[in-house]
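Inspection log for the structure reproduced underneath, given as C-alpha cells.
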Amino acid sequence: MEEFQDFLHFGLDKRITEAITELGYSKPTPIQSAAIPLVLEGRDVMGAAQTGTGKTAGFGLPLLQKILSFENTSVSPARHPVRALILSPTRELADQTAEALTQFASKTLLKVAAVYGGVDIRPQAEALRKGVEILIATPGRLLDHLEQRNTTLSQVQMVILDEADRMLDMGFLPDISRILSRLPVSKQNLMFSATFSPEIKRLANNFLNNPVIVEVAKRNAAATTISQELFEVDETNKKDALAELLRARGEDQDGNPLQTLVFVNAKITARRLARLLQREGFNSDSIHGDRTQEERSRTLQSFKENKVNVLVATDVAARGLDIAELPLVINYDVPLSAEDYVHRIGRTGRAGVKGLALTLMTSSDARNVSAIEKLIGKTFLRQKIDPVPIRRRYSNPRFSKSPYSYKPPVTEESVDPFFDSPYVPSRSEKRIVESEVGPSKDKYVPRVSVLLGGRGKNS
Ligand code: AMP
C-alpha cells in the first residue's frame, strides 16, 4: 500500500487541504492513503478500519471533493438536496462525524447536519427543510424524518455505512434496508467495519458494487500499539481490583490521572461503579443508554476536558467515542462477544499512540476469554492481583489523601433507587446500626459495605 507523505498528492481542492492543515493533519494515516484515491476514482470501498484510524477523513475528504461542484449560495432548499448520506450506529458517532465533516467543509459553502434519536426532532426537521448536502444520521431517526417528509434522498450520490458491524449488532438491518431502498440505484457506496462476521460479508455483497477492500490492520486484530494484560480476580474483590489498578496503572509519571475508559456489560453496573469510584476519590462518571442525550454529551465533554478521568461505559454508549490519545482502557467485565473486546481496546492506542488495555477476569469468564484469545491470536498471561479491600483503605493513611476533586452533577435521572436509598438493616443488625448512626434516618450515612452491594455489617 502506497503511503503518502502529505495531502497534496490527492489533488484535493485547495479549500479542503487548507481546512485540514488548520486541523493539524500533515501526513495521511494508512487508511487515508489507501481510501482517498479509490473513493476519488469512484470505486465502492469496503474499509476494514475502526474508529481511531482516521477513517472519517478517509471517506470525508474525497466525499467533499466529489460534491464540491454542487456548492452554491442560493437560499432555496431545492438547491441544497442531500448529496451524501452517512449512516452511524450511535448519536455520539453521528455527532463526531458531523463535527469532523463541518471542519473539513469549513471553507466551502456545503452544509452538514446530523440527525439522531433521543432528542427533539423539530430543530432537526427545520435544519433539513433548509437543505443540507451532507447528512449524518442514525437509521431510526432518519426514517422518522423521511416519513415526515422533512428531506428526500433522491439526489444522494454517495452513501457510507459507518461502523456497519455495530449497526448490525444493534439490530438496524431492517431500517438500513428500508433506507437503501429509497436511494437512487446509481451511486457510490462505502462501508466501514472493524470486524468481519458472515453477516457483514453478506451485507457487503448486497450493498457494494465490485468493491475494493482496504485493510489497515490485520482483520479482527487489535492495533499493535496496544499492550494487553489480563488479571484473574474473584468476583468478590473485583471492585477492589479495579480501584487498585486505577491507582497503580492509572497515573502518568508525574502522578497525574490518565484518562481511562472502564467497560462494563450492564447499565446498572456502569452507574453503580462510577458512583463507587467517586466515593473512592476518583473523578469518575458513567455513560450508558439510560442517560439522556444531553447528559451523555455533557459527560463526554467533561471527559474530553479532563474534568472526568475515569469514564465507566457500556459498549453501546462508548461506540465511536473519539477521544484523542486515550491511554488506558480497563475491561471491568469481560465482554460477552470477542469482537466487542477488539472494539473496546480499540479506544486506546489510537492514531499511532501507545495504549494499555487491562482486563479483569473471574472464573466464570473462562470461555469468553478463550474466544477472545482465539480471535486475536494471542494467549494472555494470567496475572494475579491482591488488592487492598476498599473498606480497609479508609483507615489507611496511605489512601486518605486524594488528588481528585471533580463531583459530577447529580441529576434526577442519576438517582439509583438501590444505591441512594438508606441502608435498611436486617432485624438482627438493627440494634448495632442504630447505636452507631443514631436513630434518625436523616442523619444516616450509607456504609461502604452497603455500597459494595448491600452486604451486612459483618460480611
Ligand atoms: P477517526 O478514526 O476518523 O475517528 O479519527 C481519529 C482521530 O485522528 C481524530 O481525532 C482525527 O481528528 C485524527 N486524525 C485523523 N486523520 C489524521 C491525520 N492525518 N493526522 C492527524 N490526526 C488525524
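The values are calculated or read from the model by the stated rules, or taken from the named source; none is laboratory data. Quick caveat: nothing in here was measured; it's all calculated off a predicted structure. Here Cβ is always computed from backbone atoms with ideal geometry, including for glycine, and neighbour counts include all displayed protein chains.
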**Request:** Kindly indicate whether any position in segment 238-251 is among the charged types (D, E, K, R) and in the same structural domain as Ala49 (by TED's automatic domain parsing).
**Result:** no
**Item:** Scan of segment 353-389 for residues that are more than 26 Å from the chain's Cα centre (by Cα) and surrounded by 14 or more Cβ atoms within 10 Å (Cβ to Cβ), ordered by number
**Value:** Ile385, Pro387, Val388, Pro389
**Item:** Residues of segment 75-89 that turn out to be crowded, with 22+ Cβ neighbours inside 10 Å and β-branched (Val, Ile, Thr), as a count
**Value:** 2
**Message:** Would you confirm, using the coordinates I've provided, whether Gly42 is within 12 Å of the ligand (Cβ to nearest atom) and not acidic (Asp, Glu)?
**Reply:** no
**Message:** Taking the conditions exactly as written (of a type in the set (Ser, Thr, Tyr) and within 13 Å of the ligand (Cβ to nearest atom)), does Thr51 satisfy them or not?
**Reply:** yes
**Prompt:** If you take the residues in segment 22-74 that are among the basic types (Lys, Arg) and under 28 Å from the mean Cα position of the chain (by Cα), which one is nearest to Val342 (Cα to Cα)?
**Reply:** Lys55
**Request:** Look through segment 283-317, keep the residues that are small (Gly, Ala, Ser) and in contact with a strand residue (DSSP E or B) (Cβ under 9 Å, 6 or more places away or on another chain), and return whichever of them is surrounded by the most Cβ atoms within 10 Å (Cβ to Cβ).
**Result:** Ser286
**Prompt:** Here are Ser69, Ser26, Ser76: which of them is over 30 Å from Asn205 (Cα atoms), in contact with a Gly (Cβ under 9 Å, 6 or more places away or on another chain) and either in contact (Cβ under 8 Å) with a residue 12 or more places away in the chain or away from the ligand (no atom under 13 Å from the Cβ) (or both)?
**Reply:** Ser76
**Message:** Residues to consider are Glu92, Glu99; find the one that is surrounded by fewer than 18 Cβ atoms within 10 Å (Cβ to Cβ) and within 16 Å of the ligand (Cβ to nearest atom).
**Reply:** Glu99
**Prompt:** Taking helices (runs of 4 or more DSSP H) that do not extend beyond segment 247-319, which have at least 1 residues that are under 17 Å from Ala357 (Cβ atoms) and touching a Lys or Arg at 6+ places or on another chain (Cβ under 8 Å)?
**Reply:** 315-318
**Complete:** Restricting attention to segment 78-117, the residues that are more than 21 Å from the chain's Cα centre (by Cα), not in a strand (DSSP E or B) and not hydroxyl-bearing (Ser, Thr, Tyr) number exactly 12
**Request:** Would you point out which residue out of Pro335, Pro327 is touching a residue at least 60 places away in the same chain (Cβ under 8 Å), more than 13 Å from the chain's Cα centre (by Cα) and within 16 Å of the ligand (Cβ to nearest atom)?
**Result:** Pro327
**Prompt:** Out of curiosity, is Gly52 at positive phi, out of contact with any helix residue (DSSP H, G or I) (no Cβ under 6 Å at 6 or more places or on another chain) and either without any contact (Cβ under 8 Å) to a residue 60 or more places away in the chain or not assigned by TED's automatic domain parsing to the domain that holds Leu300 (or both)?
**Reply:** no
**Asked** In this structure, is Arg382 within 16 Å of the ligand (Cβ to nearest atom), outside the structural domain of Gly54 (by TED's automatic domain parsing) and of a type in the set (Lys, Arg)?
**Response** no
**Message:** Within segment 8-22, take every residue that is in contact (Cβ under 8 Å) with a residue 24 or more places away in the chain, of a type outside the set (A, V, I, L, M) and touching a helix residue (DSSP H, G or I) at 6+ places or on another chain (Cβ under 7 Å) and give me the one that is surrounded by the most Cβ atoms within 10 Å (Cβ to Cβ).
**Reply:** Phe10
